[in-house]
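Report on one structure; see the data block that follows.
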Amino acid sequence: MTDAFQQGLRLTIHSLQQMKKDGTTHVRLSTDLLKELSSVASTSPVPPAQKAVPSAPRSAAAPVPTKVEPTIPEFELLKQRALTCQLCPHLAATRTHVVFGEGSLSAQLMFVGEAPGIEEDLKGAPFIGRSGQLLTKMIQAMGLSRNQVYIANVVKCRPHLPQGVTGNRPPTEEEVAHCQPYLFSQIDLIKPQVIVALGERASHVLSGYKNDTSAGFRGSWKEFRGIPLMPTFSPSYLLDQDGPSGILEKRKAWEDLLAVMEKLRLPISQKQRSFFLTPS
Ligand code: SF4
């Protein structure tokens with residue numbers, strides 16, 4: 001067993017102890033992980049990450065340090081909890097898949113939407129329908145790819161509709177309250193440098209601001225636990241906007257993403273700066 005893996009297992013044990021303190025009584029683990037946990041638990045229950053490590057001073061011009069990727073056991077444990085979660089029995093009974101999230105665990109940029117739709121529920125991956133295709137284009141327009149970022153939703157199971165009713169519905173306050181700790185833990189483990197909230201609901205959940213109007217919720221920096229948060233329009237809203245006003249809305253969303261690129265110090269070409277601007 002490598003040192004890194006052993007450290008990850010110790011952190012997992014620490015997370016389990018924390019969950020027990022928080023009232024969790026049962027967690028489903030794979031047999032392999034259980035074996036590894038028992039062997040490491042007998043050596044040291046204290047995660048080395050808690051020890052103070054002096055850090056070297058950084059000059060203003062120093063590059064952003066490489067992030068330490070969350071260990072597989074920590075993230076896997078969280079994912080396994082979500083995949084077997086029954087906190088919303090009506091959603092657990094009707095879902096095809098729990099849509100936990102996907103992307104790089106060392107992502108500097110994280111996108112957060114509201115909840116999975118029918119296609120995401122069927123495939124178990126976030127943002128893969130028409131909205132997902134638009135989100136992919138937005139990410140590519142920033143000069144990135146989907147596997148360089150992390151994409152997740154506030155609610156991990158598709159909000160169900162009565163049989164015979166098509167479409168999607170927004171999650172209820174109760175569903176959001178049950179599920180948001182998974183998202184918050186994902187963010188705590190990934191530690192992105194910037195989060196983009198796709199749509200009003202994701203923005204409200206992450207920023208805590210509930211008084212913005214629909215038209216005004218986007219475009220200004222907020223924070224989630226000290227991480228800069230940029231709320232912007234959801235891809236599904238943008239898909240519904242046609243004609244010249246639709247171009248204007250897309251330009252607003254693109255300006256939000258330009259601000260994100262600046263915050264991340266990504267290179268921005270003149271062509272990128274002028275997307276959705278009508279030539280004068
Ligand atoms: S929506 Fe979230 S809290 Fe509710 S059952 Fe699914 S994973 Fe659990």
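The table that follows gives values for the structure above.
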quantity	calculated
Pair list, Cβ under 7 Å, 6 or more apart: region 260-280 residue on the phi > 0 side of the Ramachandran plot, other residue of a type outside the set (D, E, K, R) and part of a helix (DSSP H, G or I)	Phe276/Ile247; Phe276/Trp254
Selected residue (criterion: farthest from the ligand (Cβ to nearest atom)) from residues of region 164-190 that are within 17 Å of Gly113 (Cβ to Cβ) and not in a helix (DSSP H, G or I)	Gly167
Filtered residue count, region 118-153, keeping only those that are within 16 Å of the ligand (Cβ to nearest atom), part of a loop (DSSP other than H, G, I, E, B) and surrounded by fewer than 24 Cβ atoms within 10 Å (Cβ to Cβ)	2
Tally of residues being surrounded by fewer than 20 Cβ atoms within 10 Å (Cβ to Cβ) and closer than 13 Å to Cys157 by Cα across region 178-192	2
Selection status of Thr66, surrounded by fewer than 20 Cβ atoms within 10 Å (Cβ to Cβ), part of a loop (DSSP other than H, G, I, E, B) and modelled with pLDDT of 60 or more	no
Answer from Gln163, Gln148 - the residue that is over 17 Å from Ser234 (Cβ atoms) and either among the charged types (D, E, K, R) or touching a residue at least 12 places away in the same chain (Cβ under 8 Å) (or both)	Gln148
Members of region 218-247 that are more than 24 Å from Leu144 (Cβ to Cβ) and either in a loop (DSSP other than H, G, I, E, B) or at pLDDT 95 or above (or both)	Asp240, Asp242
Residue list for region 193-204, filter: assigned to a helix (DSSP H, G or I) and surrounded by fewer than 24 Cβ atoms within 10 Å (Cβ to Cβ)	Glu200, Arg201, His204
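The values are calculated or read from the model by the stated rules, or taken from the named source; none is laboratory data. Remember, predicted model here, so these are calculated numbers, not experimental data. Because the Cβ atoms are built from the backbone with ideal geometry, glycine has one as well, and the counts that use them run over all protein chains shown.
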